[in-house]
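Worksheet: one structure, shown below.
The values are calculated or read from the model by the stated rules, or taken from the named source; none is laboratory data. All of these numbers come straight from a predicted model, not from anything done at the bench. Glycine also receives a Cβ, built like all others from the backbone with ideal geometry; neighbour counts cover every protein chain displayed. The area values use the complete protein model at the heavy-atom level, side chains included, leaving out ligands, DNA and RNA. Shrake-Rupley method; radii C 1.70, N 1.55, O 1.52, S 1.80 Å.
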Amino acid sequence: MKKLMVLLLLSIGLLSFSLFCDARPVSSSASRPVLAPQIHPVVVSSPVLPPQNQPAVTSPPVFSSTMAAAAAVSPGSGVTKTVHDHPLNKKMLIALIIVSTALCAIVSFLFCLWIYRQKKSHCSDPKKPRRGSTDGVKGLSLGPLLGKFGSMKMGNKKGSVTMIEYQLLEAATDKFNESNILGEGGFGCVYRAHFDDDNLIAAVKRLNCERQDAETEFENEVDLLSKIRHSNIISLLGYCIYGETRFIVYELMHNGSLETQLHGPSHGSALTWHLRMKIALDTARGLEYLHENCNPPVIHRDLKSSNILLDSNFNAKLSDFGLAVASGLQKSNIKLSGTLGYVAPEYILDGKLTEKSDVYAFGVVLLELLMGRRPVEKMTPAQCQSIVTWAMPQLTDRTKLPNIVDPVIRDTMDLKHLYQVAAVAVLCVQPEPSYRPLITDVLHSLVPLVPAELGGTLRVSDPASTRNIKSSA
């Protein structure tokens, strides 16, 4: 646009100059003094003859005009010729005025158009929060993006993630009505949100960021999830900043968290043995992506059953990445964080954090799936017992192992498979990190135990069992 305006201005200048040159008088002597020629008097001695006898003169008009000029001034003096405007010069001047006016109008229009486009592009830039709102609302409308989160491409910075208007979230959650609460976390609640324009139901996590820890976790999660796209990791749809409150919008997981399924009102009744193995396999796949495919590797640092979410088909996805850190980049004085019962012993005692810390937490989740018990249970008001301490002696005893399995799935699995899963869990919760397997090895151990219909390689021979798997999923 700027280049076009410069070219137009140059064109106007050139055209004006050419028209001005054309409008000037033809004779160059009109504006400078001209010396009169030296005229010598001519004596005519013969009498004037009648017209019929007068001899022919070659150019009498020139001679007479010269003589008239000579008679008016003395020899050698300068005279100035006055050239009267020709009608053609007036026409050229009028044409010049019209063309200049038209070009100025065009340039003014283009300049106004350029300013308008600059303002419009500035207002629609998703990386710049909109200003001028008295209530501090920031963000853009979701538009058609929310309905296409499955194919949405995220950038590698928070600025490239969709910002959502606060009023839109407020309307979608019915002003954050308590009836829409899906769960609670350390810094706030998660709400069910229905966006009418996109006919989409999503989950909105509301964070009170008066404390710096909450603000840090918010920024960390948005930044990390904006870089990750995996079928076993929760999808980020957008975020919103409103005063001291932060909001993160995710895809909705209709079956809630694994914790709710295992320890809620249903007590795991909807989770068959094969579904539990599928959930364990999906969780291992999500962790493997973080540990092996991210660069640098990512340590979740807060893996637990409440952060494993289940969709309508019981596909498991990891969530809540506020405490996640990059492997090898964490500081030695990193703040100890996590949930009691899932935190690896070396992290509690020495502050040592590696991918093996996630493997320990995965082993605790695997024990929850096997036994249907919470990771930490109160024995007395002043004494608690972890599931690892309680189960370890019985996990290695094949005679006792079937008796500690969750009654909901007891006697519904092949005992060989039960022994194999118990062995994997024992390895994952070893006190010494070097004794624990890599999550990739865990994944390979679980794949043969999950039916092919649920993402594994196990072939279920009983048709009735296959039907039950499909119906439950």
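Of the residues in the range 386-411, how many are part of a loop (DSSP other than H, G, I, E, B) and either of a type in the set (A, V, I, L, M) or more than 15 Å from R276 (Cβ to Cβ) (or both)?
Final tally of qualifying residues: 8.
Screening L224, L207 for residues that are surrounded by 16 or more Cβ atoms within 10 Å (Cβ to Cβ), in contact with a helix residue (DSSP H, G or I) (Cβ under 7 Å, 6 or more places away or on another chain) and either in contact (Cβ under 8 Å) with a residue 40 or more places away in the chain or among the aliphatic types (A, V, I, L, M) (or both) leaves exactly one candidate, L207. When the test is whether a residue is in contact with a Gly (Cβ under 8 Å, 6 or more places away or on another chain), closer than 25 Å to I299 by Cβ, β-branched (V, I, T) and in contact (Cβ under 8 Å) with a residue 12 or more places away in the chain, I387 passes it. The number of residues in the range 179-188 that are open to solvent by less than 30 Å² (accessible area, probe 1.4 Å) and within 15 Å of C209 (Cα to Cα) comes to 1.
Just wondering, is there one or more residues in the range 183-194 that are closer than 28 Å to F314 by Cβ and charged (D, E, K, R)? Within the range 183-194 (the criterion being closer than 28 Å to F314 by Cβ and charged (D, E, K, R)), the answer is yes, since at least one residue qualifies. Restricting attention to the range 311-341, which residues are farther than 17 Å from F218 by Cα, open to solvent by less than 20 Å² (accessible area, probe 1.4 Å) and either of a type in the set (F, W, Y) or touching a His at 6+ places or on another chain (Cβ under 8 Å) (or both)? Once the filter is applied, which keeps residues that are farther than 17 Å from F218 by Cα, open to solvent by less than 20 Å² (accessible area, probe 1.4 Å) and either of a type in the set (F, W, Y) or touching a His at 6+ places or on another chain (Cβ under 8 Å) (or both), the range 311-341 yields only F314. Scanning the range 434-444 for residues that are more than 37 Å from the chain's Cα centre (by Cα) and open to solvent by 20 Å² or more (accessible area, probe 1.4 Å) returns S434, Y435.
Of all residues in the range 276-310, those satisfying the criterion of being open to solvent by less than 10 Å² (accessible area, probe 1.4 Å) and among the hydroxyl-bearing types (S, T, Y) are T283, S305. Might you let me know whether the range 245-259 holds any residue that is in contact with a strand residue (DSSP E or B) (Cβ under 7 Å, 6 or more places away or on another chain) and over 21 Å from A203 (Cβ atoms)? Checking the range 245-259: not a single residue is in contact with a strand residue (DSSP E or B) (Cβ under 7 Å, 6 or more places away or on another chain) and over 21 Å from A203 (Cβ atoms). One residue stands out among those in the range 90-126 that are outside any helix (DSSP H, G or I) and surrounded by 11 or more Cβ atoms within 10 Å (Cβ to Cβ): the one that is modelled with the lowest pLDDT, which is P126. Among (1) under 20 Å from L323 (Cβ atoms); (2) modelled with pLDDT of 75 or more; (3) under 23 Å from the mean Cα position of the chain (by Cα), which single condition is E170 missing? Single failed check for E170: (1).
If you go through the range 421-441, how many residues are assigned to a helix (DSSP H, G or I) and within 20 Å of I387 (Cα to Cα)? Give the steps one after another, and end with the answer.
So the first thing to find is which residues in the range 421-441 are assigned to a helix (DSSP H, G or I), and the list is 421-428, 433-435, 439-441.
If we keep only those that are within 20 Å of I387 (Cα to Cα) too, we end up with 421-428, 433, 435.
Residues that pass the stated criteria total 10.
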